[in-house]
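Chemist: Following this message is one structure expressed as structure tokens.
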Amino acid sequence: MQGPDSSGVTEVQKKLLLFLTAIIIALVTFLILHIFGITETGKRMEFQTISIGAWSGHTNPAYYFIQNANEWEDIWNQHQRIFLPPSPPPEVDFSTMTVIAVFMGQCPTSGYEIEVKGIIDTGLTTVVKVEKTYPGKELGVFPTITYPYHIIKVYKIDKYVIFHTFTRVK
């Protein structure tokens, strides 16, 4: 058995300290990944699509987490401004529901899509998984400007929301 070095620390103490440091780093890393929904651990939340499509009056890319009727009406009216006549915003009870709206912005052709694929309650945050789809070289597209969007409602969210976006090519 080896005795303490010049600092008074034994070889066993060094190994124990190294082991505990590795455990702490692993736990902190897992916690950070969990908070951002990367570990896919947590409770999946059910949601309902209000509207999804390729044409919207909302022409800029944006993600919205909507908790009140005034903001909902503003975003819905901006979305509907290209339709004649524009439809009124669907009824949402904001005491029990939250609306999430994702807009891809202007796209040069057909074949682009945006969709909420899942919502995960990690316990500390809520992660909204958003998939952006781009047309591949093999996909026939139409030369028309599109504005893809997806609007959903989900039971009330009272945590910090993180949008996690991933992409796919058709």
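Chemist: Go through the range 127-144 and give me each residue that's β-branched (Val, Ile, Thr) and either at positive phi or at pLDDT below 95 (or both).
Modeler: Val127, Val141, Thr144
This table checks each residue for (1) farther than 17 Å from Ser51 by Cβ; (2) outside any loop (DSSP other than H, G, I, E, B).
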residue	(1), (2)
Asp74	no, yes
Pro88	no, no
Thr98	no, yes
Gly123	yes, no
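Chemist: Please count how many residues of the range 109-119 are at pLDDT 95 or above and over 13 Å from Trp55 (Cβ atoms).
Modeler: 5
Conditions (1) open to solvent by 40 Å² or more (accessible area, probe 1.4 Å); (2) in a loop (DSSP other than H, G, I, E, B); (3) within 24 Å of Asn68 (Cβ to Cβ), marked per residue:
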position	(1), (2), (3)
Ile119	no, no, yes
Val128	no, no, yes
Glu131	no, no, no
Gly140	yes, yes, no
Ile151	no, no, yes
Val154	no, no, yes
Asp158	yes, yes, yes
Thr165	yes, no, no
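Chemist: What's the number of the condition Gly111 fails, among (1) surrounded by 14 or more Cβ atoms within 10 Å (Cβ to Cβ); (2) at negative phi?
Modeler: (2)
The values are calculated or read from the model by the stated rules, or taken from the named source; none is laboratory data. Worth saying up front: this structure is predicted, and the values here are computed from it rather than measured. Ideal geometry is used to build each Cβ from the backbone, glycine not excepted, and the neighbour counts take in all protein chains shown. In case anyone asks, the SASA skips ligands and DNA or RNA and just uses the protein heavy atoms, side chains included. Shrake-Rupley method; radii C 1.70, N 1.55, O 1.52, S 1.80 Å.
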